[in-house]
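The values are calculated or read from the model by the stated rules, or taken from the named source; none is laboratory data. Treat the numbers as computed from the prediction; the structure is a model and nothing was measured. Please note: Cβ atoms are built from the backbone with ideal geometry, for glycine as well, and neighbour counts cover all protein chains shown. Quick note on the areas: whole protein, heavy atoms, side chains included, nothing else; ligands and nucleic acids left out. Shrake-Rupley method; radii C 1.70, N 1.55, O 1.52, S 1.80 Å.
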Amino acid sequence: MKYPIAQITLLATLFLSQGCSSTTKTEEKQKPENQRQVQSLPEKTDQSKQPESTPTSSKQNIEEKAEKLQASSQPQNDSSNTQGKLDIPKKITPNQPVAVKVQIPATVAKANNNDTKPHQMQMVVVSNDLRFFDLVQASYKNNQNIEVKPKFPAPGEYTVFSDYNPSGEKEQVSVEKVSIPGEVPFPTELESYSKTKTFTDTKIDLNLSEPNIKAGKKVTLKFDLKQASNNKPIKDLKSYLGQKANLVVIKSSSSLGKTDYIDTETIKKSPNNQVHFTTKFPQPGTYKLWLQFNRDGKVKTADFWVTVNS
């Protein structure tokens, strides 16, 4: 039987294609099952990357957002609820006591009603260049309105810090700016950066626990008080503001704010003629210290400068 050449070629092509097809199917059967699963993983992974938008997930997102919104709207137990308000007269006569009214928040006054002792609020007035300093104190318990009478010595720019400790709260500081119009006087003396201050009867030496003060690290400030005439330790130091002495620390800044008012802690156990404090200077810069002590019934203020490094 004879076939034309075209038919022979077509038959050969068909046999070859069937053979290749059977070979491919045989190889697929011989592949391990896990290899075929791995080959399908990329497709499943791509599908898993697509965000699911089921009703359940949408409901959860809405509930989470609602909880966050409700939490942000709740009153926080911070200074916003315990912040005092100062009422300072617009007209101020230099070097005359100024009646400043302080309104203690109702939440603070109510919390303090349960305490047996009245709370103390101290008001610190400083000129913005930190040359002038004045401190007055008042007691408060049930009364929410307090009146204190600090002094402003001359025309210029001042910052008033009102400091008090509400029950169950951290120390609170209110800040107000006061501008007294008029010609600002020039300084009569240069600032002293000495660690020794001498009055007619008392010499005060400032000693630091660290010669190189670094920001953010705890440091001890030791004040040694001696008789100026013979350099012997004094023995007649009286209590002031309920402790051996009072210390105020403020950072020199172009615009004084709440964070420039530095908290200090008194160390109770110290020699009779010494007063020790601990504090942390939060940032590098220059800080001014005012030490107030009572001797012979007279309150004296010794000021010092310290430099804090990074």
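Summary of values
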read-out	value
Residue check for V160: touching a residue at least 40 places away in the same chain (Cβ under 8 Å), crowded, with 18+ Cβ neighbours inside 10 Å, touching an Asp or Glu at 6+ places or on another chain (Cβ under 6 Å) and assigned to a strand (DSSP E or B)	yes
Selection count, the range 92-141, where residues are modelled with pLDDT of 85 or more and among the aromatic types (F, W, Y)	2
In the range 180-208, the residues that are part of a strand (DSSP E or B), open to solvent by less than 70 Å² (accessible area, probe 1.4 Å) and touching a residue at least 12 places away in the same chain (Cβ under 8 Å)	I180, K197, T202, K203, I204, D205, L206, L208
P211 open to solvent by 80 Å² or more (accessible area, probe 1.4 Å) and within 31 Å of the chain's Cα centre (by Cα)	yes
Qualifying positions in the range 245-288 - assigned to a strand (DSSP E or B) and small (G, A, S)	G285
Total residues in the range 225-267, condition among the basic types (K, R) and under 27 Å from T307 (Cα atoms)	4
Per-region count, the range 266-291, residues within 15 Å of T202 (Cβ to Cβ) and either open to solvent by 10 Å² or more (accessible area, probe 1.4 Å) or at pLDDT below 95 (or both)	3
Filter result (part of a strand (DSSP E or B) and surrounded by 18 or more Cβ atoms within 10 Å (Cβ to Cβ)) within the range 228-244	L237
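Okay, residues lined up against (1) farther than 23 Å from R131 by Cα; (2) loosely packed, with under 14 Cβ neighbours inside 10 Å; (3) in contact (Cβ under 8 Å) with a residue 24 or more places away in the chain:
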position: N246; (1), (2), (3): no, no, yes
position: K251; (1), (2), (3): no, no, yes
position: S254; (1), (2), (3): no, yes, no
position: K258; (1), (2), (3): no, yes, yes
position: Y261; (1), (2), (3): no, no, yes
position: F293; (1), (2), (3): no, no, yes
position: G297; (1), (2), (3): yes, yes, yes
position: D303; (1), (2), (3): no, no, yes
position: V308; (1), (2), (3): no, no, yes
